[in-house]
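To start, the structure itself, in structure tokens.
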Amino acid sequence: MQAPAPRIEATRLYSDPNTRELLRRMLTDNVLLEPSIGADGKVHYLLAEAVLGPEVDVKGWIGEMVEQAVLRKASSRQVVMCPVHLRADPMAMVECVKCRAKNSVKRSLVEHTYCGYIGDDSRFDKGGTLQCPNCGRPIRSQSELRVSGVWYECQNCLSKTSSPRLVFLCKEGSHEFNTADLALVTIDAYSVNEKALVELRNTLLLDPELAAMLAAMGYEVSAPARVQGQSGSVHSLDVYAKKDLETVALQVAVDTKPVDASAVIAFFAKTFDIKPSRAVLVAIPAASEDAKRLEAGYGVSLVEDFDGSGVVRKVKAVLEGAGASG
Ligand SMILES: [Zn+2]
Ligand SMILES: [Zn+2]
Ligand SMILES: [Zn+2]
């Protein structure tokens, strides 16, 4: 016995329309949740903030999605942050190791690979275009030059160094910190977990199609739905539809192998309490023999479909076949 628990958990996760919309966009636009640094110096996930709304804790949301294996870390980077304010937008500067002035200029020694001339890079600059001061040939690509040395020269005390000291100016309180003080903080980009893809495609694409079909048949539809049973317990369903006295409970079970009997039992546990006129369980790619054996006894109609493309048509046929009797 396994499988129904994650599905129930996932249904709860996806019951928030903004969550569904964000995941749907990530899937259909094939985009990652990428971190960026905002004007406040903090890490933001702009797409998530825009879709989930300002009142949602995006990092908490991501944490929950990762925990439920809906999202996974796609890449990680370490960024420099102020150790006090945890802002990731410090201004980096080169500081003179002798006099601590911050007005060093960068010099490099450059070789023209064509003629072998070596000189200060400023000597190659001929009024905005690059030209060799020795042979006079214009420099058309970076590959024609080889950098053979780089150093920093303080404009204040004229001392030179090839290993400069970096200092950072925090935007909050204008205080400085150096490479010994700085905080390195991991920021991650997230993608939809491959393992959740099938499930998501179903929830984000198939469920809305089923809901639309039922609405077109004149039902009042909730998808996903939370329905109170006769016991008082509230049950989650992918789709719940109502027309006059007729009610339809619909659940989609997706697996990599034929959906087993536990999916029927888990669905029956809900429908036994909700008592809909029709209970339809969609099994993708198929229903196992055990599941089929339970079908009649549990009052559940099983609809099998290999890849989900025929589900809407088949469910419609089941409902129409039921007639008005229910
Ligand atoms: Zn700071
Ligand atoms: Zn200096
Ligand atoms: Zn040259």
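Values for this structure:
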{"quantity": "For the chain, size of Cβ-based charge dipole, Lys and Arg +1, Asp and Glu -1, in debye", "calculated": "1080"}
{"quantity": "Given charges at beta-carbon only (K, R positive; D, E negative), |dipole| of the stretch 91-169 in Debye", "calculated": "160"}
{"quantity": "Distant-in-sequence amide H partners of residue 235 (H built 1.01 Å from N, under 5 Å)", "calculated": "227, 228, 229"}
{"quantity": "Prolate/oblate/rounded label for the stretch 197-322 (Cα gyration tensor, a/c 1.5)", "calculated": "rounded"}
{"quantity": "Proximal lysines relative to residue 195, as straight alpha-carbon distance under 21 Å, when same-chain residues fewer than 8 apart are discounted", "calculated": "73, 257"}
{"quantity": "The chain: angle of helix 207-216 to the longest principal axis, Cα-based, in degrees nearest 10", "calculated": "50"}
{"quantity": "Helix axis angle, 58-67 relative to the chain longest principal axis, alpha carbon, degrees", "calculated": "60"}
{"quantity": "Cross-link partners of residue 314 among lysines (Cα-Cα below 17 Å; sequence separation of 8 or more within a chain)", "calculated": "292"}
{"quantity": "Centre separation in Å (Cα based) which lies between the stretch 252-302 and the stretch 63-130", "calculated": "59"}
{"quantity": "Summed residue charge, Cβ within 14 Å of residue 101's Cβ, Lys/Arg positive, Asp/Glu negative", "calculated": "+2"}
{"quantity": "Whole-Å semi-axes of the ellipsoid equivalent to the chain (Cα gyration tensor, √5λ, descending)", "calculated": "65, 23, 16"}
{"quantity": "The stretch 244-326 - charge dipole about Cα centre, Lys and Arg +1 at Cβ, Asp and Glu -1, debye rounded to 20", "calculated": "100"}
{"quantity": "Expected 222 nm ellipticity per residue - DSSP helices of 4 or more, -39500 (n - 2.57), all of the chain, to 500", "calculated": "-8500 deg cm²/dmol"}
{"quantity": "Footprinting exposure proxy for 85, 112, 175 (fewest neighbouring C-beta atoms within 10 Å first)", "calculated": "175, 85, 112"}
{"quantity": "Packing-based order for 157-170, 238-251, 293-306, using average beta carbon neighbours within 10 Å, highest first", "calculated": "238-251, 293-306, 157-170"}
{"quantity": "Among 224, 306, 234 - extreme Cα towards positive end, dipole of the stretch 207-326, charges at beta-carbon", "calculated": "234"}
{"quantity": "Under 19 Å from the Cα of residue 160 - lysines, other chains or at least 8 residues apart", "calculated": "98, 102, 106"}
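Any read-out appearing in this document is the output of simple, stated calculations on the displayed coordinates, not a laboratory observation. All of these numbers come straight from a predicted model, not from anything done at the bench. Glycine gets a Cβ as well: all are built from the backbone with ideal geometry, and neighbour counts include every protein chain shown.
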